[in-house]
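Derivation of every value follows stated rules applied to the coordinates shown; laboratory data play no part. Since we're looking at a predicted model, the values are computed, not measured. Positions of Cβ are generated from backbone atoms using ideal geometry, with glycine treated the same way; all protein chains shown enter the neighbour counts.
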Amino acid sequence: MPNEQDTQITHRPWKTAGADVSLGNELPITTLDLIREVARDQSVSVDKLERLVALQERQEQREAKAAFWTAMARLSLKLPRVTKRGKIKMVKDGVDKGTLPYAKYEDIDAACRPLLAEEGLMASFSTKIGATGGVVMVLTVAHALGHSEISERPAPPDTGPGRNATQAQGSGESYAKRYLFNAFFNIVTEGADDDGRATGYISDAQKDCIDDLIHQLGDAWTAPRQSKFLEWLGVSKVGEINASDYKRAINFLEAKARESKK
C-alpha cells in the first residue's frame, strides 16, 4: 500500500511535454527527477515509465553531442601548425628522386593530445577488414560525456625498397593514421602544398583526392583495373603520379564513378 506521501505525489499535476516539468506550484524539475517520482506511483504502467526513461536517454544523448561539438569548436582555435620533420626517400626505377618531408605522427600527437585532453576529448585508433578484403584504419574521437564520432580510411600496404610484407602493411597503416587524424581535426602541416611540386609528384592533398575516388568505386575497382590505371599514367603507385597528370587522373576516375552509378 502506498503511504500518505506517495498518495500526495500521485495527485500532483505532472506536465510531460518537455524535458522539464512542474509538480504543482513547485519549481521545474528534470526528466530524471520525474522518473524517480513516477516510479513510486503504483498506478503508472511500466510502458509509460519506459517511455520516460527513453526520453531521458535521448536528452542525455543530445546534451553529449552538443558538448562534443562545442569542445571541437574551442579546440579548433587552439590547434597548432605541425612542422614536417620526417623524410621519405623517393626512388623510381632505381633513380633517386630526392626526399619528401612529412609530419610524423609522434610530432602531431605531442602537439595535439594535451589540447584534446583539456576539452575532454580523446582520439583512438583500431583496424578492421574492409568490404573488399583490405585493412581499414578507424579513428574514434570520444568526449567525456559519451558522444563519439568515427572516421575511416583504407590502409593498403605501402611497398618500398627493402620492406617485407609486414613492414609494408605497417607503413600503410601509419600513413592512414596520420591522414585520418589530420583530416578530422583539420591539422595544417607546414610546407604541405609544396612537397609534390618539389619532387615532380602530386601533393599529399592530391593523392588523398585520388585515393578517395578509388575508394568510392568499391568493388568496381579491381586489382587489374588499378594496375592498368597506374600503367596508363606510367607509375607503379598513386603517390608517384606526376603533378602534370593529376587532372587527367581525376577526370578518368570521376568518369568511372559516374558509369558505376548507371
> Between residue 135 and residues 5 or more places away or on another chain, which pairs have amide H atoms under 5 Å apart, with H built 1.01 Å from N, and which residues are they?
Replying inline: 130, 155
>> Amide H of residue 104 versus every other amide H placed in the peptide plane: which residues, excluding those fewer than 5 positions away on the same chain, fall under 5 Å?
In response: 85, 86
> Hey, fewest Cβ within 10 Å first, where do 159, 189 land in order?
Replying inline: 159, 189
>> Students often get this wrong: which residues of the range 209-236 have the backbone nitrogen under 12 Å from the point 7 angstrom along Cα-to-C-beta of residue 250?
In response: 209-211, 213
> So, in nm, how far is label residue 258 from label residue 36 when the simple model puts each one 7 Å beyond its Cα toward the Cβ?
Replying inline: 6.3 nm
> On full extension of the chain, what length is gained from residue 149 through residue 190, given 0.36 nm per residue of separation minus the C-alpha to C-alpha distance?
Replying inline: 12.1 nm
>> Between residue 142 and residue 223, how high is the FRET efficiency from 1/(1 + (r/R0)^6) when r is the Cβ-Cβ distance and R₀ = 35 Å? Nearest 0.05.
In response: 0.50
>> Multiplying the sequence separation of residue 127 and residue 48 by 0.36 nm and subtracting their Cα-Cα distance, what value in nm do you get?
In response: 24.3 nm
> In nm, what is the difference between 0.36 nm times the number of residues separating residue 83 and residue 106 and their Cα-Cα distance?
Replying inline: 7.1 nm
> Tell me, what HN-Hα J-couplings in whole Hz come from the Karplus equation 6.51 cos²θ - 1.76 cosθ + 1.60 at θ = phi - 60° for each residue of the range 60-68, using x for Gly and Pro?
Replying inline: 5, 5, 4, 5, 5, 5, 5, 5, 4
>> Among the listed pairs 104/128; 65/87; 104/228, which have their C-alpha atoms separated by more than 29 angstrom in this model?
In response: 65/87; 104/228
